[in-house]
Structures are given as structure tokens and as C-alpha cells.
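For reference, the structure discussed in these notes is given below.
The values are calculated or read from the model by the stated rules, or taken from the named source; none is laboratory data. Just so we're clear, the structure is a prediction, and the values are computed from it rather than from any experiment. Note: ideal-geometry Cβ built from the backbone for every residue, glycine included; neighbour counts use all protein chains shown.
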Amino acid sequence: MRSSEVVGQAPVLVIQAGESAFGRQLRELWQARELFYFLAWRDFKVRYKQTVLGAAWAIIQPLFTMVVFSIFFGYLGKMPSDGIPYPIFTYCALLPWSLFAHALNESSNSLVNNQNLITKVYFPRLIIPMAPLFVGLVDLLTALAVGMWLAALNVQYRDVRYTIPFLTQLWLFATPVAYPSSLLPEPWRSLYGLNPMAGVVEGFRWSLLGRPSAPGPLIAVSSVAVLVLLIGGLWYFTRMEETFADIV
């Protein structure tokens, strides 16, 4: 086959100046869906490569943390747990939190860790912070919303990668994981939902433990907070996308 024929069959990407950035992102994400699956599967294999227990670590890690919390917060600190045995109360919250913390860390560092790929070929950059979330689908929206902000910031300010563990630890204690949200009276309890993970954790507890009343207002406020973060993160990521290959 002649080289001209090969060139003639190659896909051509045209980006028009007046085109909506959001619409272009959605179309490109769909066109590059196979690349998303490949990167997501790669991250899954890398995470559990050469491990004896494999994906079971997603359950074991929060289990060990539950033991620590049960000793210090439950037994020594006498922290209330809404009538539920404290280890179960904590473990139900630690499961989604552990998935969220891992997804947030991987998503935030994804652009810097894939700099060789970004500088060599064009593809929708949003795939990079989205792919690690495949491993922790429970908290997809929250982790994606915050991860897009931190991923874009991490390209320009490398200090971000050092603040992420500290931020995650602070966020853990600002979320009702070791304590119930019922410690706060209304209307402060509903406003507590401005922390997006508060609604996720309490909703997860409610669905698993069959508690009599759903944390409706808390989940509603958390959902709005996630939506605002997601839209803002997508806008900032799209705005900074043009400079990624030059700065990274």
C-alpha cells in the first residue's frame, strides 16, 4: 500500500475556535473510550500487581483502620455510634472513604505521572484523571470533581502533590467517619453536607445498615456541593488543558 493511501486514511481532528469546549470534551471522550478502558485496566493491574491478596486489600485496609478507630475512638474515647456497634458503624464509613482517598490521590497525580504520554500524542486529557477512578467507582463524582482541580493545579504547582496526603487526613476527620453526624443539631447538620463526603458516608451507612430515616437533607446538600465542584473542576481543567504539554 502506498504511503499516500495510508496518510489519506488517517483520522483528522479539527478544533474550531467557536466550538463549545464542553461539547468537544464529551465528543472526544466518547471517541477515545477504548483508550479510557485501556488506561483504567492498566491502573487496576498496577495497583494489585504481585500482591498475594489482590483486590481484597480494598476490604483489608479499612478493616485495619477500623480496629484502630474502635480502640481509640470507640473504647477509650466513648464516641457515640447511634446505637450501632462501633466497629460496624466505623467500617461502613471507611469502605467508601478508602476508595475515595485512593481515587483522589491517583487522580490528582495522574497528569504528572503520565507526562510522557501527554507530550507525545493528542487525546482528550480528561481521560487521564478519570481512568484511576475506575478502581474506586463508589465515589466517582466526588473524587473526579476534586481530582480535576488538583490534577490541573499539580501540573503548574508541584507542591500540590505534597499537600494531598495532608488534605486527605484533614478531610477524613472533617467527615463523619469516626463519629455520627447526629452530634450536630439542625440546621448545622444539613449544612455539614457542604462537605461532599458527608452525604456519601451517611448515605452508605444508611443503605447498608437499614437505618430508619434517610439522611435526605444531608445527601441533597452534598449532591449540590459535588455538582458545583464538578462543573468548576471541568471548567478549570478545560481552561488549563492547552498548557499541560508545555508545563508538565
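Tabulated data for the structure shown
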| item | result |
| --- | --- |
| Enumeration of residues in segment 195-217 that are under 20 Å from Leu170 (Cα atoms) and part of a helix (DSSP H, G or I) | Pro196, Met197, Ala198, Gly199, Val200, Val201, Glu202 |
| Members of segment 96-133 that are within 30 Å of Thr175 (Cα to Cα), part of a helix (DSSP H, G or I) and aliphatic (A, V, I, L, M) | Leu99, Ala101, Ala103, Leu104, Leu111, Val112, Ile127, Ile128, Met130, Ala131, Leu133 |
| Members of segment 78-95 found to be part of a loop (DSSP other than H, G, I, E, B) and over 16 Å from Phe173 (Cα atoms), listed by number | Lys78, Asp82, Gly83, Ile84, Pro85 |
| Where a residue in segment 168-182 is more than 23 Å from Gly83 (Cβ to Cβ) and surrounded by fewer than 13 Cβ atoms within 10 Å (Cβ to Cβ) and its partner, wherever it lies, is at pLDDT 90 or above and of a type outside the set (Ser, Thr, Tyr), with Cβ under 8 Å and at least six apart | Ala174/Asn195 |
| Any chance Pro187 is at pLDDT below 85, more than 15 Å from Asp82 (Cα to Cα) and surrounded by fewer than 23 Cβ atoms within 10 Å (Cβ to Cβ) | yes |
